[in-house]
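Only one structure is covered here, and it is reproduced in the block below.
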Amino acid sequence: MSAILIVEDENHLADGLRFNLEAEGYDVEAVGDGETALSLLRENPKRFDAMVLDVMLPGRNGFEVASELRSSGHFVPILMLTARGQSHDVLRGFESGADDYLPKPFELSVLIARIKGLLRRREWFDRETHAEPATAAKELTAPGTEPFVFAGKTIDFGRLELHAKGQVVRLTLMEAQLLQYLIHHEGEIVSRKAMLEDVWGLREDTDTRAIDNFVVRLRKYFETEPAKPEHLLTVRGVGYRFVAKK
Amino acid sequence: MRVRGRRRKSVAFFIVSGACLVALAVALNVGWILLNWREVALLVLGIIFFCVIITGVVLNTIFLIREIRRNEQHDAFINAVTHELKTPITSIRLYLETLKARPVEEKQRAEFYDVMLADTDRLLNTVEQVLRAGRAAAQRRQPVTTSMVDISELVRECLDLTRVRYKLDDDAIQYADSLNGQRAAVLGDADEIRAAITNLLDNAVKYSDKRVKVSVAVAAPDKNIVVRIMDEGIGIPAGQLKRIFHRFHRAPGRVMARVKGTGLGLFIVRSIVRKHGGRVFAESEGVGRGSTFTILLPRAS
């Protein structure tokens with residue numbers, strides 16, 4: 001049975017969510033502020049399989065809680081809930097480390113479907129990790145959940161890990177999805193808009209500059225000199241291009 | 001907050017540039033005095049001009065900063081209202097969908113109905129506050145409907161409402177009056193005065209940290225009727241006692257931020273009380289030491 005942590009300070013919403021998730025057969029715990037949620041997750045990092053996080057919380061807000069979790073190496077899937085549904089709020093949520101984002105008021109069935117989606121992905125990754133370790137150093141394997149090796153660097157999509165510059169970086173789901181997409185279109189020019197739409201399903205008037213922040217972060221992870229990228233190249237005025245070989 | 005951070009930077013920029021301009025004008029003024037020491041007419045004229053420039057720059061900077069602050073508060077207000085409107089709607093919708101999609105036991109079903117009712121009340125309350133604030137800002141003249149309003153009766157009615165709304169024990173809010181059975185009436189709009197007193201009671205309950213302990217006193221010592229609402233809540237910093245009555249203003253601080261609000265309540269209280277020819281003020285011994293709100297209304301003979 002999957003366990004879900006609800007962080008919501010509005011009692012009515014927390015109770016309603018709990019009732020529904022319990023009816024779906026999940027083990028549910030609800031807390032009213034970010035601080036309590038953080039200490040619960042720190043105490044027992046493996047206890048919850050997913051987290052529903054409200055943004056407007058007393059004390060520390062949801063954005064702060066998510067980035068605090070991610071920077072301390074905690075990768076529980078987060079579904080962010082908020083009354084603020086404008087595109088810059090959505091992007092801020094993703095940047096702070098959320099895996100999914102749902103503006104209030106939401107449809108119950110959509111909420112449950114999204115939670116199921118998060119849990120399913122986590123399950124797939126877990127199965128991948130527990131399966132026999134993939135044979136290392138395959139040259140340019142096709143991207144999937146198989147590790148991808150290029151120019152002495154390895155991206156393990158199963159474990160969301162990137163081995164480069166003698167270090168291991170934990171990737172967020174969004175970073176991994178973006179990398180996977182770029183690798184899949186290796187050598188091609190990919191527009192910012194295409195990245196937003198195809199990778200994260202964001203549409204309409206979304207600010208495409210958010211992509212740039214992700215690219216800057218990814219370059220820091222694996223480029224020898226992030227200011228002079230050799231793999232993740234900028235195509236001025238269009239978007240980006242991924243090149244595996246130097 | 002990224003947006004707030006950017007704002008603060010822009011405020012800092014205007015303060016610095018204002019200070020630089022003032023310093024420059026002062027320096028020029030001193031230079032002028034030194035250069036024109038012998039020419040009295042030029043000296044005086046120059047000093048006057050420079051003083052005008054300096055005052056202008058200082059005033060300009062102050063107004064600019066005030067405007068930025070007001071904008072900031074307006075943003076915070078929009079955010080708060082969005083939250084206050086969307087949260088109950090989300091909740092009602094969630095419960096309706098639940099009732100529609102799942103088998104729910106009879107007892108649970110009754111609970112859900114209560115929750116939804118409470119949410120519609122909350123929604124209605126927010127809408128009413130916003131409308132009232134809009135009216136208060138638009139018309140500052142005499143109340144439209146006037147009648148004799150018995151204040152002690154009205155206050156007790158408000159107390160009962162608050163007790164029910166927050167499910168409080170009877171002794172959480174104490175009432176005392178020193179009217180000795182005399183009638184204390186005000187000529188005015190009963191609905192408005194009720195809204196003002198309810199707003200103050202709401203605040204007293206909302207800003208009580210854990211245990212709610214509020215005492216309300218009504219007195220008529222002279223030509224005024226005095227309604228005093230005392231709580232043992234989180235208190236108000238001395239610098240905020242006047243500002244909290246401004247529209248959209250919410251006192252800053254971690255403890256205050258735990259309570260949600262639109263920043264309209266006290267503004268509404270003040271405009272209603274003023275419209276009735278009275279005044280309202282706040283007292284507090286500081287953060288964590290409770291606060292007292294006093295309304296003075298002219299007594300009708």
Selection within the stretch A:57-70 - farther than 29 Å from A:Gly25 by Cβ and either over 13 Å from the mean Cα position of the chain (by Cα) or of a type in the set (Val, Ile, Thr) (or both):
A:Pro58, A:Gly59, A:Arg60, A:Asn61, A:Phe63, A:Glu64, A:Glu68
Inspect the stretch A:130-149 for any residue being under 25 Å from A:Val235 (Cβ atoms), modelled with pLDDT of 80 or more and not in a helix (DSSP H, G or I) and give the result as yes or no.
yes
Please state which of the following conditions A:Asp9 fails to meet, knowing it meets all the rest: (1) more than 21 Å from the chain's Cα centre (by Cα); (2) assigned to a helix (DSSP H, G or I).
(2)
Of the residues in the stretch A:17-27, how many are assigned to a strand (DSSP E or B) and buried (at least 18 other Cβ atoms within 10 Å of the Cβ)?
0
Inside the stretch A:1-25, can you point out the residues that are more than 16 Å from B:Ser91 (Cβ to Cβ) and touching a residue at least 60 places away in the same chain (Cβ under 8 Å)?
A:Ser2, A:Ile4, A:Leu5, A:Glu24
So A:Leu91 fits all but one of (1) touching a residue at least 40 places away in the same chain (Cβ under 8 Å); (2) within 20 Å of B:Glu84 (Cβ to Cβ); what number is the exception?
(2)
Looking at (1) part of a helix (DSSP H, G or I); (2) over 21 Å from the mean Cα position of the chain (by Cα); (3) surrounded by 13 or more Cβ atoms within 10 Å (Cβ to Cβ), which is the one condition that is false for B:Cys158?
(2)
Quick one: how many residues across the stretch B:161-183 are charged (D, E, K, R), part of a helix (DSSP H, G or I) and either more than 25 Å from B:Ala220 (Cβ to Cβ) or more than 24 Å from the chain's Cα centre (by Cα) (or both)?
3
Hey, among B:Gly261, B:Gly265, which residue is within 23 Å of B:Val81 (Cα to Cα), surrounded by 15 or more Cβ atoms within 10 Å (Cβ to Cβ) and within 14 Å of chain A (Cβ to nearest Cβ)?
B:Gly261
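Tell me yes or no: at least one residue of the stretch B:43-60 is within 13 Å of another protein chain (Cβ to nearest Cβ) and either among the small types (Gly, Ala, Ser) or closer than 30 Å to B:Gly261 by Cα (or both).
No, every residue in the stretch B:43-60 fails to be within 13 Å of another protein chain (Cβ to nearest Cβ) and either among the small types (Gly, Ala, Ser) or closer than 30 Å to B:Gly261 by Cα (or both).
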Find the residue count for the stretch B:228-255, including only residues that are assigned to a helix (DSSP H, G or I) and without any contact (Cβ under 8 Å) to a residue 24 or more places away in the chain.
4
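Okay, residues lined up against (1) aliphatic (A, V, I, L, M); (2) within 14 Å of another protein chain (Cβ to nearest Cβ); (3) surrounded by 18 or more Cβ atoms within 10 Å (Cβ to Cβ); (4) out of contact with any Pro (no Cβ under 7 Å at 6 or more places or on another chain):
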{"site": "A:Val7", "(1), (2), (3), (4)": "yes, no, yes, yes"}
{"site": "A:Glu10", "(1), (2), (3), (4)": "no, yes, yes, yes"}
{"site": "A:Asp15", "(1), (2), (3), (4)": "no, yes, yes, yes"}
{"site": "A:Glu29", "(1), (2), (3), (4)": "no, no, no, yes"}
{"site": "A:Thr36", "(1), (2), (3), (4)": "no, yes, no, yes"}
{"site": "A:Ser39", "(1), (2), (3), (4)": "no, no, no, yes"}
{"site": "A:Pro45", "(1), (2), (3), (4)": "no, no, no, yes"}
{"site": "A:Ala50", "(1), (2), (3), (4)": "yes, no, yes, no"}
{"site": "A:Gly62", "(1), (2), (3), (4)": "no, yes, yes, yes"}
Residues being at the interface with chain A (Cβ under 7 Å from one of its Cβ atoms), crowded, with 18+ Cβ neighbours inside 10 Å and of a type in the set (A, V, I, L, M): count how many of those fall in the stretch B:77-102.
1
Checking B:Val186 against (1) surrounded by 15 or more Cβ atoms within 10 Å (Cβ to Cβ); (2) within 12 Å of the chain's Cα centre (by Cα), only one condition comes out false. Which one?
(2)
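The values are calculated or read from the model by the stated rules, or taken from the named source; none is laboratory data. It should be emphasised that the depicted structure is a prediction, and the values quoted were computed from it without experimental measurement. Every residue, glycine among them, receives a Cβ derived from its backbone with ideal geometry; neighbour counts consider all protein chains shown.
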